[in-house]
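Undergrad: One structure, as structure tokens, below. Some questions next.
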């Protein structure tokens, strides 16, 4: 009887891993400057990436690695780039391109490689480091940093292309760089990302291709696909799900860190960034049902309560929103008045409509005077002249410019208030639609802020949500405000 034996896979991965751990160091954190130690999942992936035949020809020319945030991918691919530049004996003239869709993201990987060279005595001696390139001393080759947001991408002869955060890339820029590898005999395209939301993107196309290869539904043999994440339908609050989805769990990513993220960011963001799951839309600001859970019985505003007014208008004058908030014991009761561009009988926006400025101004004025509002918080970008009329009447106007510095904390405090049911509302369907249209976007300085989604649909407006964040921020900050508001004129919060 003859027993079939699976062919043994040859790999250069052991040599690659040994070179990385001998020459590279950690580029940041408490272990900066100490020898780089690969985690088990990183070592296994390198072994797969460098599978080859008996002549050393690589099996995979293209790959996609999907991992959650905080898994150590930036240091891993920085070390891999340095190996290709300095340690790969089969590449006599290496050209490594570390590419990202933005300058900030491109800096992350390149600076990690550059810092490794500066803190490793042997790499420091072997390289010349410039602002955006690293070159071997006395040998051909270079490692370059490229941002798709700036400069020309064509005209390259790339031997290793590292594409970071593929979910941020456009198909056009991706195609130009990938074409720059086609003239190389031993080309490698290494794509690394967390999950996205746009299923028409190049990232989802590559992801879908990988799924088909993995399931044996595609004849492509030179494509390596590895995706670490939670399965669809998994409970995003379960620590066991966190551990299974995060390959660096227990070392770079701890249960306490993930518990904190789960409690403080929108569910869709947590699923996408920390469970590496594709979401149906952009990062919804609020989890499903969170706003509805704050609904109470119908109520009316009352004279004598601590009152705040938030006022926001859209850039295209499609809508404007005024949200009035009153403290009642331990809950902030909110009511909204929203003016929107109407639709014609065919469902198209009425072009000739304009916001009834006089009506809006009268409503803000009457509400302030009736309830003796402590603050009228507004974005001056589109309301400046109208606000000046109220200023001249002595209204307590507070400018709230929608910068990241202002909107990140306002977004977070309002989100927390909704999740804790500190905010109450009467179920106004127009305000509810504005809340559903609000997305959360990660800012370059950290933290999220609400923004309008990119989806194209009728009445895709968020002015109600923005006005709510204005009053949420100010009302929570001034939880015990003075009994008499003495300010006059425009104040900057």
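Undergrad: Got at least one residue in region 189-198 being assigned by TED's automatic domain parsing to the domain that holds residue 65, under 22 Å from residue 48 (Cβ atoms) and assigned to a loop (DSSP other than H, G, I, E, B)? Before you say what the answer is, go through the steps one by one.
TA: Start the filter on region 189-198 by keeping residues that are assigned by TED's automatic domain parsing to the domain that holds residue 65, which leaves 189-198.
Adding the requirement that they be under 22 Å from residue 48 (Cβ atoms) leaves 189-195.
Restricting the remaining residues to those that are assigned to a loop (DSSP other than H, G, I, E, B) gives 194-195.
Taking every residue of region 189-198 in turn, at least one turns out to be assigned by TED's automatic domain parsing to the domain that holds residue 65, under 22 Å from residue 48 (Cβ atoms) and assigned to a loop (DSSP other than H, G, I, E, B).
Undergrad: Another one. Need the failing condition index for residue 249 against (1) surrounded by 23 or more Cβ atoms within 10 Å (Cβ to Cβ); (2) closer than 28 Å to residue 26 by Cα, just the number.
TA: Tallying (1) surrounded by 23 or more Cβ atoms within 10 Å (Cβ to Cβ); (2) closer than 28 Å to residue 26 by Cα, residue 249 fails exactly one: (1).
Undergrad: A further question follows. Give region 74-94 a look and list any residue that's out of contact with any helix residue (DSSP H, G or I) (no Cβ under 8 Å at 6 or more places or on another chain), assigned to a helix (DSSP H, G or I) and surrounded by fewer than 24 Cβ atoms within 10 Å (Cβ to Cβ), or say none.
TA: Correct list: 84 only.
Undergrad: Out of region 330-344, which residues are in a loop (DSSP other than H, G, I, E, B) and more than 19 Å from residue 474 (Cβ to Cβ)? Give the steps one after another, and end with the answer.
TA: Initially, region 330-344 is screened for residues in a loop (DSSP other than H, G, I, E, B), giving 330, 341-342, 344.
Result: 341, 342, 344.
Undergrad: Do you know which of the residues in region 378-395 that are touching a helix residue (DSSP H, G or I) at 6+ places or on another chain (Cβ under 8 Å) and in a loop (DSSP other than H, G, I, E, B) is farthest from residue 465 (Cα to Cα)? Full working, then the answer.
TA: Kept after step one, since they are touching a helix residue (DSSP H, G or I) at 6+ places or on another chain (Cβ under 8 Å), are these residues of region 378-395: 378-380, 386, 389-390, 393, 395.
Subsequent filtering for residues that are in a loop (DSSP other than H, G, I, E, B) retains 379-380, 393, 395.
Values: 379: 13, 380: 17, 393: 27, 395: 23 Å.
Applying the filter and picking the extreme gives 393.
Undergrad: Return the only residue of 249, 270 being under 16 Å from residue 73 (Cα atoms) and outside the structural domain of residue 408 (by TED's automatic domain parsing). Full working, then the answer.
TA: Numbers: 270 fails: under 16 Å from residue 73 (Cα atoms).
Selected residue: 249, the only one of 249, 270 that is under 16 Å from residue 73 (Cα atoms) and outside the structural domain of residue 408 (by TED's automatic domain parsing).
Undergrad: Among the residues of region 467-482, are any modelled with pLDDT of 85 or more and under 21 Å from the mean Cα position of the chain (by Cα)?
TA: Our first condition is that a residue be modelled with pLDDT of 85 or more; within region 467-482, this holds for 467-476.
If we keep only those that are under 21 Å from the mean Cα position of the chain (by Cα) too, we end up with 469.
Within region 467-482 (the criterion being modelled with pLDDT of 85 or more and under 21 Å from the mean Cα position of the chain (by Cα)), the answer is yes, since at least one residue qualifies.
Undergrad: Continuing with this model, one more query. Suppose the filter is assigned by TED's automatic domain parsing to the domain that holds residue 469 and surrounded by 19 or more Cβ atoms within 10 Å (Cβ to Cβ); does residue 313 pass it?
TA: Taking the combined requirement at face value, the residue satisfies it.
Undergrad: If you go through region 117-126 one residue at a time, do you hit one that is at pLDDT 95 or above, touching a helix residue (DSSP H, G or I) at 6+ places or on another chain (Cβ under 9 Å) and assigned to a loop (DSSP other than H, G, I, E, B)?
TA: So in region 117-126, the residues at pLDDT 95 or above come out as 117-126.
After this cut, where a residue has to be touching a helix residue (DSSP H, G or I) at 6+ places or on another chain (Cβ under 9 Å) as well, the list is 117-118, 120, 122-124, 126.
Subsequent filtering for residues that are assigned to a loop (DSSP other than H, G, I, E, B) retains 120.
Yes, region 117-126 has at least one match.
Undergrad: Can you pull out the residues in region 239-258 that are free of Cβ contacts under 8 Å to residues at least 40 places away in the same chain, part of a loop (DSSP other than H, G, I, E, B) and over 21 Å from the mean Cα position of the chain (by Cα)? Give the derivation first.
TA: Of region 239-258, the ones free of Cβ contacts under 8 Å to residues at least 40 places away in the same chain are 239-244, 249-250, 254-256, 258.
Retained after the next criterion (residues that are part of a loop (DSSP other than H, G, I, E, B)): 250, 254.
Once the filter is applied, which keeps residues that are free of Cβ contacts under 8 Å to residues at least 40 places away in the same chain, part of a loop (DSSP other than H, G, I, E, B) and over 21 Å from the mean Cα position of the chain (by Cα), region 239-258 yields only 250.
Undergrad: For region 51-71, what are the residues that are touching a helix residue (DSSP H, G or I) at 6+ places or on another chain (Cβ under 7 Å), within 24 Å of residue 272 (Cα to Cα) and assigned to a loop (DSSP other than H, G, I, E, B)?
TA: Passing the criteria: 67, 68, 69.
Undergrad: Can you tell me how many residues in region 228-248 are more than 12 Å from residue 262 (Cβ to Cβ) and at pLDDT below 95?
TA: Looking only at that region, the number is 4.
Undergrad: Now a separate question. Being surrounded by fewer than 24 Cβ atoms within 10 Å (Cβ to Cβ) and within 21 Å of residue 180 (Cα to Cα) is the filter here; which residues of region 108-132 pass it?
TA: Within region 108-132, 132 is the sole residue that qualifies.
Undergrad: Moving on. Can you find, within region 345-375, the residue that is surrounded by the fewest Cβ atoms within 10 Å (Cβ to Cβ) among those that are in a helix (DSSP H, G or I) and at pLDDT below 90?
TA: 358
Undergrad: Restricting attention to region 393-413, does a residue exist that is exposed (fewer than 15 other Cβ atoms within 10 Å of the Cβ), at pLDDT 90 or above, farther than 17 Å from residue 266 by Cα and touching a strand residue (DSSP E or B) at 6+ places or on another chain (Cβ under 9 Å)? Outline the logic, then answer.
TA: The initial filter retains those residues of region 393-413 that are exposed (fewer than 15 other Cβ atoms within 10 Å of the Cβ), namely 393-394, 401, 403, 405.
Of the ones still in play, those that are also at pLDDT 90 or above are 393-394.
Okay, now just the ones that are also farther than 17 Å from residue 266 by Cα, so 393-394.
Subsequent filtering for residues that are touching a strand residue (DSSP E or B) at 6+ places or on another chain (Cβ under 9 Å) retains none.
The answer is no; no qualifying residue exists.
Undergrad: Identify the single condition in (1) in contact with a strand residue (DSSP E or B) (Cβ under 8 Å, 6 or more places away or on another chain); (2) in contact (Cβ under 8 Å) with a residue 60 or more places away in the chain; (3) not in a helix (DSSP H, G or I) that residue 48 does not satisfy, given that it satisfies every other one.
TA: Condition (3) is where residue 48 drops out.
Undergrad: Is it true that some residue in region 202-222 is buried (at least 16 other Cβ atoms within 10 Å of the Cβ), free of Cβ contacts under 8 Å to residues at least 40 places away in the same chain and assigned to a loop (DSSP other than H, G, I, E, B)?
TA: The answer is no, given that none of the residues of region 202-222 is buried (at least 16 other Cβ atoms within 10 Å of the Cβ), free of Cβ contacts under 8 Å to residues at least 40 places away in the same chain and assigned to a loop (DSSP other than H, G, I, E, B).
Undergrad: Residue under question is residue 240, and the condition is that it be in the same structural domain as residue 81 (by TED's automatic domain parsing) and either over 30 Å from residue 157 (Cβ atoms) or surrounded by fewer than 17 Cβ atoms within 10 Å (Cβ to Cβ) (or both); does it hold?
TA: Numbers: in the same structural domain as residue 81 (by TED's automatic domain parsing): no; either over 30 Å from residue 157 (Cβ atoms) or surrounded by fewer than 17 Cβ atoms within 10 Å (Cβ to Cβ) (or both): yes.
Considered against the rule, which asks whether it is in the same structural domain as residue 81 (by TED's automatic domain parsing) and either over 30 Å from residue 157 (Cβ atoms) or surrounded by fewer than 17 Cβ atoms within 10 Å (Cβ to Cβ) (or both), residue 240 comes out as no.
The values are calculated or read from the model by the stated rules, or taken from the named source; none is laboratory data. Everything numeric in this text was worked out from a predicted model, so none of it was measured. In this analysis, Cβ positions are derived from the backbone assuming ideal geometry, glycine residues included, and neighbour counts consider all displayed protein chains.
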